[in-house]
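These notes concern the structure reproduced below.
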Amino acid sequence: MADPSSYRPKPGQIPDSPGVYKFRDEHGRVIYVGKAKSLRQRLANYFQDLAGLHPRTRTMVTTAASVEWTVVTTEVEALQLEYSWIKEFDPRFNVKYRDDKSYPYLAVTLNEEFPRVQVMRGAKKKGVRYFGPYAHAWAIRETVDLMLRVFPVRTCSAGVFKRSAQIGRPCLLGYIGKCSAPCVGRVSAEEHRELAEEFCDFMAGRTGAYLRRLERGMQEAAEEMEYERAARLRDDIGALKRAMEKSAVVLADATDADLIAVAEDELEAAVQIFHVRGGRVRGQRGWVTDKVEAVTTGGLVEHALQQLYGEERGDAVPKEVLVPALPEPVEPVAQWLSQRRGSQVSLRIPQRGDKKDLMATVGRNAQQALALHKTKRASDLTTRSRALEEIAEALGLDSVPLRIECFDISHLQGEDVVASMVVFEDGLVRKSEYRRFQIKGFEGQDDVRSMHEVIGRRFKRYLQEKQKSGEWTEEPDAGTAAAVDGVLTAAGEPNRADGRPVDDDGRPKRFAYPPQLVVVDGGAPQVAAARRALDELGIDDVAVCGLAKRLEEVWLPTEDDPVVLPRSSEGLYLLQRVRDEAHRFAITYQRNKRSKRLKSSPLDAVPGLGDTRRQALLKHFGSLKKLRAATVDEICEVPGVGRKTAETVAAALAGAAPSAPAVNTATGEIIEDDGAPPAALSAERGQER
């Protein structure tokens, strides 16, 4: 783990101007790219006390070994350079959206002499007009089949086109009127290109003019008694209307907009985009990403905009982009979008009306996409089985770990030290088996010692239950028996159908079911402490490993070097979920415990003093410190407080030792009142472990 101070630039070296910076690791690989309005102010945020950094940011700066920067003129240039570098270096700590599927587009190859209509996937090509993306390729083919009646544009491949030109005979589509057959000269290149451009105009939403033109032609043909031509035009109108009906009308006809919604949790985020052209939803797409950096919703939106429009120009960037949260600052992003379009682009949050309602629909799609992504990875039997097999193979286990228990230690600067135990069975959470611990063996901050205590307590309880159920077939040694307060009983106890010991009321006993694998949140020291605790109890059939947050390395007690699982490994993903769930459970318990402690007061122990008079005392004097300094006569001045109660209060406060002054960790300000205000609590959370 690198010390950020070892590569911190000197204060005068960093310019106070816009720019883009890169963090590199010890091997010279770029691990993070960022932009800033002021490089000096932004980089200073990375080189503060590690306890004050977001865990993901802390991991990044301790992985990095150097930082460099490039000065640019404006924030827009910084945004463009940041996007280019992210595409070039693929930094591991930057948010990178990955498509949850490969989306097909309807493409018109206007860069060819005879433009072709086709389905395309993958990278976009210059000179090709794209429409979509669509959810399914068959939806594009159905739309094209309907529109070829009116716009008979070429759809054949280059080989078929060349062959038809050689033999002087068009393909089947040419015979049935769904291709104008430029291959055999039925139309010229200019006439065919005009057809292709009309096709593009119709797909872009300019539908009214074509429908009105066809209707006039149909009426004229009917008046001239050319009923076959009128019937053909009638069928063409019907085909175009059916093609239009495949896109729902959601906004006013002239509206061209993209709506972007984000659904996120602590680990991942899903983005959904609806493309609205001519008031109709023309396409939909979505991405899912790991939140490998500390990023807000506005930051996720900014990354999505870069991904969506980084390679686009002209009309591919709509006039209006609606988002759930604006990037900070928003002006450079809006200016960058306007430059790519060539005209003004409105980037805003919808506040009312149809656009807000449609944004809510996009948001629901994002939530469902995130839930589906997690369900596919967590609940799919094949995926879970593969994850467990990968863990067993990586750790050298004899069998897959069907029950995994994970332990994490949480505290705030050595106070309110607690631990959590979470349980995963068959790769799924089992919340009824979760347990919480308070560290009782010592005071202060020592994660290694805390881990040793918690593992020891959990497995002592397991051995006790094992003794009581009569499962031990041989006498334990004296050390183990003493460790578990060994009172052996021969009487067996009833078991559930799944083999777990139960109490007389049928409920499963706590700690009675052993895991195949114990995972600890930490590196080699925590793993060694857990293994030592098991060895002291004589337990040798439970595997132990640790997952370190810095590089997501898996540590084993008998190995000097960590096991590094591939980033895409399902086994690593399962271990991360287990570790993160243990961390969430531990820090929730630690916050609740600290909150109760901060809310406690010496006045709580005063007999006969209820909430009303307690609040009256604090309101009258302003703080517990001033109340402690008050005389009995001054306390009697509070309405509702008699002399006897005042004497009791004074005696209770005199006997209670005054607490140390609280400090707002965000500002360094001494807080006079006993007890921390909400602002202090918020600042403290940044230093939680």
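The values are calculated or read from the model by the stated rules, or taken from the named source; none is laboratory data. These numbers come from a predicted model, not from an experiment. Here Cβ is always computed from backbone atoms with ideal geometry, including for glycine, and neighbour counts include all displayed protein chains. Heads up: the accessible areas ignore ligands, DNA and RNA and are worked out on the full protein's heavy atoms, side chains in. Shrake-Rupley method; radii C 1.70, N 1.55, O 1.52, S 1.80 Å.
Is the range 321-362 best put as rounded, prolate or oblate by its Cα gyration tensor, with a ≥ b ≥ c the root eigenvalues, rounded for a/c under 1.5, and otherwise prolate when a/b is larger than b/c, oblate when not? Cα axes put the range 321-362 in the prolate bin. Protein heavy-atom surface of the range 1-118, 1.4 angstrom probe: 47% of the accessible area is carbon and sulfur, with nucleic acids and ligands not counted. As a quick test, which of the pairs 374/431; 87/319; 10/35; 87/374; 124/374 have an alpha carbon distance above 21 angstrom in this structure? The pairs that break the limit, which is 21 Å between Cα atoms, are 87/319; 87/374; 124/374. Exposure check, 1.4 Å probe, all protein chains in place: residue 296 carries approximately 100 Å² of accessible surface. When each of the peptides 451-462, 68-79 is scored by how many other beta carbons lie within 10 Å of its residues on average, the order from highest to lowest is 451-462, 68-79. When peptides 271-284, 163-176 are sorted by average Cβ neighbour count within 10 Å, with the highest value leading, the order is 271-284, 163-176. Counting lysine pairs in the range 520-655 that sit 8 or more residues apart in sequence, or on different chains, and whose Cα atoms lie under 25 Å apart gives 11.
Across all Cα pairs in the range 296-377, the calculated P(r) in 10 Å bins from zero up to the longest distance comes to 17, 43, 32, 8, 0 percent per bin.
The order of the peptides 364-372, 582-590 by mean Cβ neighbours within 10 Å, most packed first, is 582-590, 364-372. Please label the shape of the range 284-436 as rounded, prolate or oblate, based on the square roots a ≥ b ≥ c of the eigenvalues of the alpha-carbon gyration tensor (a/c under 1.5 means rounded; beyond that, a/b larger than b/c means prolate, else oblate). It is prolate, given that a/c is not under 1.5 and a/b is the larger ratio.
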